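The values are calculated or read from the model by the stated rules, or taken from the named source; none is laboratory data. If you're wondering where the values come from, they're calculated on a predicted model, not measured in any experiment. Positions of Cβ are generated from backbone atoms using ideal geometry, with glycine treated the same way; all protein chains shown enter the neighbour counts. Just so you know, the surface numbers come from the protein's heavy atoms only, side chains and all, with ligands and any DNA or RNA stripped out. Shrake-Rupley method; radii C 1.70, N 1.55, O 1.52, S 1.80 Å.
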Amino acid sequence: MPSPKCPLIAGNWKMHGTLPEARDLVAAILRALPGLGGARLLLLPPFTVLAEVAKLIGGTSVELGGQDLFWEDKGAFTGEISGPMLRDAGCRYVLVGHSERRQHLGETDATVNLKVRAALKSGLKPIVCIGETLEERRAGKVSAKVDAQLEEGLRGVTAGEVGQVILAYEPVWAIGTGETATPAQAAEVHTHIRGRLAENYGNGPASCAIILYGGSVKPANSYALFKEKDIDGFLVGGASLDADAFFGIAREALRADREKK
Ligand code: PGA
């Protein structure tokens, strides 16, 4: 089993994957897995294929998460999925506050906070997505934006719980656009985030925290990004739908990781 300090490569399938497509993609991933060694792979497929993917990856090192959850465990909330339901489907992780949900589905820092707390209560590790828009970057408001998202999104999360929280810095302008933050731009924000965690929770939890980068990650840019000291893994969208590209990213991250140590 890869250790928790290995690069974490998470594949956010977004709204892609019928059952046959999911089966094909997982089969390709499992074929490539024995040659990888070291990285932790996490799949975040749509709800409708979670149970099937859980079955297919059972007994391997590949892990599973949902793309969202609701903050109540059950009740009259038509269309929603709860933490206990995700656990039941085999998940140990859940994305919270992805920018596409913030943009199209009314997700706010307040709902992100409710979801983070619900995930922790259900024994799921929330992967909390934060990041600025292009306008905010141009206006010099990157730190202010991520600070506000961290402050609101993690409100009430204790030092004992924060080790279960994974952060994903995803500049909105880099998601699905082919435009990636430069390694230096990403590193600056990752170091800032780790600094904020240290102020709020102490150096121990901050140094152990996993901070992923996301936004047009591909095999060609993952080595240079992962070389940066505060980048612990990737949240991959488009490229995670192609097993070759997904493994290319994981291999490049592992190569950079070996050189970092
Ligand atoms: P992308 O998506 O890799 O397609 O840019 C990343 C994400 O949205 O998590």
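Structure data summary
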{"item": "Enumeration of residues in the range 217-243 that are within 8 Å of the ligand (Cβ to nearest atom) and either at pLDDT below 95 or among the aliphatic types (A, V, I, L, M) (or both)", "result": "Val217, Leu235, Val236, Ala239"}
{"item": "Those residues of the range 154-167 which are within 20 Å of Arg101 (Cα to Cα) and either free of Cβ contacts under 8 Å to residues at least 40 places away in the same chain or within 15 Å of the chain's Cα centre (by Cα) (or both), in sequence order", "result": "Val165, Ile166, Leu167"}
{"item": "Output for the range 93-109, where each listed residue is farther than 20 Å from Leu212 by Cβ and open to solvent by 60 Å² or more (accessible area, probe 1.4 Å)", "result": "His104, Leu105, Thr108"}
{"item": "Any hit, the range 138-146, residues being in contact with a strand residue (DSSP E or B) (Cβ under 9 Å, 6 or more places away or on another chain) and open to solvent by 40 Å² or more (accessible area, probe 1.4 Å)", "result": "yes"}
{"item": "Filtered residues of the range 203-261 (kept if assigned to a loop (DSSP other than H, G, I, E, B) and over 23 Å from Gly35 (Cβ atoms))", "result": "Ala209, Gly215, Ser216, Glu228, Lys229, Asp230, Ile231, Gly237"}
{"item": "Top-ranked residue in the range 211-238 [being open to solvent by 10 Å² or more (accessible area, probe 1.4 Å) and in contact (Cβ under 8 Å) with a residue 60 or more places away in the chain; ranked as nearest to Gln185 (Cα to Cα)]", "result": "Asp232"}
{"item": "Failed condition for Gly176, given (1) within 16 Å of the ligand (Cβ to nearest atom); (2) crowded, with 19+ Cβ neighbours inside 10 Å; (3) over 21 Å from Glu228 (Cβ atoms)", "result": "(2)"}
{"item": "Failed criterion for Gln103 (all others in (1) in a helix (DSSP H, G or I); (2) within 16 Å of the ligand (Cβ to nearest atom); (3) free of Cβ contacts under 8 Å to residues at least 40 places away in the same chain hold)", "result": "(3)"}
{"item": "The range 239-261: number of residues that are touching a strand residue (DSSP E or B) at 6+ places or on another chain (Cβ under 8 Å) and open to solvent by 70 Å² or more (accessible area, probe 1.4 Å)", "result": "0"}
{"item": "Hey, Glu170 surrounded by 23 or more Cβ atoms within 10 Å (Cβ to Cβ), in contact (Cβ under 8 Å) with a residue 24 or more places away in the chain and among the charged types (D, E, K, R) or not", "result": "yes"}
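Residues checked against (1) open to solvent by less than 30 Å² (accessible area, probe 1.4 Å); (2) outside any loop (DSSP other than H, G, I, E, B); (3) within 16 Å of the ligand (Cβ to nearest atom):
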{"site": "Cys129", "(1), (2), (3)": "yes, yes, yes"}
{"site": "Gly163", "(1), (2), (3)": "no, yes, no"}
{"site": "Thr180", "(1), (2), (3)": "no, no, yes"}
{"site": "Ala187", "(1), (2), (3)": "yes, yes, no"}
{"site": "His192", "(1), (2), (3)": "no, yes, no"}
